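Each value in this text was obtained by applying a stated rule to the coordinates, not by laboratory testing. What you see is a predicted model; the values in this text were computed from it and never measured. Methodologically, a virtual Cβ is constructed for each residue, glycine included, from the backbone with ideal geometry; neighbour enumeration extends over all protein chains shown.
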Amino acid sequence: MTAQEGAITIIQDLKIDSLLNKKIELDRKRFANEYFTLQLYYGNLSKAKEILEVVREKFSDIPAEINYDNPNYKVQAGRFKNKINGLKTLDTLKQIFPSAFLLKKKTI
């Protein structure tokens, strides 16, 4: 058996390359501005402070903070570019914070 030989000519609009380049640039910006964090608590300030203290004591390698979202406070931990890494850390934290969940955020 022998293979057949031939030539293919593709004709495409020049705007396709321009559109692809714009899409690539938008994806880069979105990736730079998006990340995942773990939300451990949503409620009053005194409980948020307690939770933050526990997180910092038991998981000192994971940065955690309290954010205010009128009228409640959120305790969030970690900053992950990769969703899988966030989910792995979530599995660990769920042992102490069973209602924790992964949250996608954007930088301002």
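Sorting LYS83, LYS23 from the fewest to the most surrounding beta carbons within 10 angstrom yields LYS23, LYS83. Kindly express, to the nearest 10 degrees and within the range 0 to 90, the angle between helix 83-93's C-alpha long axis and the longest C-alpha principal axis of the chain. The angle comes out at about 20 degrees. Measuring from centroid to centroid over Cα atoms, what is the spacing of the range 25-75 and the range 90-108 in Å? Cα centres, the range 25-75 to the range 90-108: 8 Å. Values (i) 67; (ii) 58; (iii) 62 are given for comparison; percent of Cα pairs over 19 Å apart, derived from the coordinates here, is the one labelled (ii).
What pairs from LYS23/LYS104; LYS58/LYS94; LYS47/LYS81; LYS15/LYS106; LYS29/LYS58; LYS29/LYS81 go past 23 Å between their alpha carbons? If you can, show how the numbers build up before the last one.
Working: LYS23/LYS104 21 Å; LYS58/LYS94 13 Å; LYS47/LYS81 28 Å; LYS15/LYS106 30 Å; LYS29/LYS58 34 Å; LYS29/LYS81 13 Å.
Result: LYS47/LYS81; LYS15/LYS106; LYS29/LYS58 exceed 23 Å.
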